[in-house]
Amino acid sequence: MTAVPSSVTVSPRTGALHVTGASLHLQGLSVAYGAATVLHDVTLDIAPGERVAVVGASGGGKTTLLRVLAGLTPSSTGTVQIEQAARDARVRVMFQEDRLLPWLGALDNVTLGLSRPERDFGRRALEGVGLGHRAAAYPHELSGGQRQRVALARALAHRPSLLLLDEPFGALDALTRAGMHDLLDTLLDDTGATALLVTHDLDEALKLADRVLLLSGGHVTEDLRVPTARPRQRAALEPLRVHLESRLH
Ligand SMILES: Nc1ncnc2c1ncn2[C@@H]1O[C@H](COP(=O)(O)OP(=O)(O)OP(=O)(O)O)[C@@H](O)[C@H]1O
């Protein structure tokens, strides 16, 4: 197990999930579906533990980028290097749909695929998302927000060094989504995972990320650092939001 650096303050519940985040190096990455090139010559470095949001108009290539990093879509040209500190480090993906198995309870969904010694990480992750008391509940007995919390716990229970999130809160109402932002903010701090978040929500990107990439027509047209410390107040982010908004339209 990766040791927890002494400088990191972690919650006793989720501290055991701490990992060294992966670093990513993309060089001249292009992806084509048949004759259509949807990512053009993307070159990008992401540091361990960094949180990067990817925003942009529909069809800009955001999900394609995420799928290449997840190993679900092959690149056409260029290289993708994911450097991980531990040999058994993992990449996990969380989608907009919870993708829970309806015939399994919350904890069984979270621990599915974990080895016996790793099961405890599942319990801690479920506690970390505030659902330790609903371990036996089936997905249909949980609200949409609770199901997404179980899906987040399932991703974190694998102690990923890289967490890929594809519009994970897109189907939730605004209030539930705001709660999920606070939760994810805390859990990413606790776990140290490098995170890439695809989102349509600029406020979400600016609240959670260290960097915001704007992907337009398959090109990275902005790579903005978010200078304010987290947790962030919406007002402080307004100039960045206005800037990104103007680049989106
Ligand atoms: N499997 C596929 N086969 C062919 N074309 C695809 C495939 N997946 C995506 N595309 C096309 O690639 C382009 C980029 O799609 P992608 O899903 O990466 O964009 P996106 O920025 O995530 O869009 P959205 O915000 O709408 O989810 C789109 O034109 C889409 O139609």
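The values are calculated or read from the model by the stated rules, or taken from the named source; none is laboratory data. This one's a predicted model, so the numbers in the text were calculated from it and none came from an experiment. FYI the Cβ positions are ideal-geometry reconstructions off the backbone, even for glycines, and counts take in every protein chain you see.
Before moving on, here are some points about what is shown:
- Hey, His219 of a type outside the set (Ser, Thr, Tyr), surrounded by 18 or more Cβ atoms within 10 Å (Cβ to Cβ), in contact with a strand residue (DSSP E or B) (Cβ under 6 Å, 6 or more places away or on another chain) and modelled with pLDDT under 95 or not: no
- Single residue of segment 188-203 satisfying the filter (in contact with a Lys or Arg (Cβ under 6 Å, 6 or more places away or on another chain) and within 16 Å of the ligand (Cβ to nearest atom)) that is nearest to Pro168 (Cα to Cα): Val198
- Selection count, segment 176-194, where residues are crowded, with 22+ Cβ neighbours inside 10 Å and over 17 Å from Gly15 (Cβ atoms): 1
- Scanning segment 82-96 for residues that are among the charged types (D, E, K, R) and either touching a strand residue (DSSP E or B) at 6+ places or on another chain (Cβ under 9 Å) or closer than 13 Å to Ala155 by Cα (or both) gives Glu83, Arg90, Arg92.
- The criterion of being more than 27 Å from Gly105 (Cα to Cα), at pLDDT 90 or above and of a type outside the set (A, V, I, L, M) does not hold for Thr228.
- Residue list for segment 204-229, filter: assigned to a loop (DSSP other than H, G, I, E, B) and either closer than 27 Å to Thr37 by Cα or within 12 Å of the ligand (Cβ to nearest atom) (or both): Gly217, Gly218
- Residues satisfying the stated conditions in segment 35-64, i.e. of a type in the set (Val, Ile, Thr), more than 10 Å from the ligand (Cβ to nearest atom) and touching a helix residue (DSSP H, G or I) at 6+ places or on another chain (Cβ under 8 Å): Val42
- Among the residues of segment 75-94, those that are buried (at least 18 other Cβ atoms within 10 Å of the Cβ) and over 22 Å from Val220 (Cα atoms) comprise Gln84, Ala89, Val91, Arg92, Met94.
- Considering residues of segment 65-74 that are near the ligand (Cβ under 9 Å from one of its atoms) and surrounded by 21 or more Cβ atoms within 10 Å (Cβ to Cβ) only, the residue nearest to Leu39 (Cα to Cα): Leu65
- Verdict on Val110 being touching a residue at least 60 places away in the same chain (Cβ under 8 Å) and either under 16 Å from the mean Cα position of the chain (by Cα) or away from the ligand (no atom under 16 Å from the Cβ) (or both): no
- Residue count, segment 113-161 (criterion: modelled with pLDDT under 95, not small (Gly, Ala, Ser) and not in a helix (DSSP H, G or I)): 6
- Residue match in segment 79-89 (condition: assigned to a strand (DSSP E or B), within 16 Å of the ligand (Cβ to nearest atom) and in contact (Cβ under 8 Å) with a residue 12 or more places away in the chain): yes
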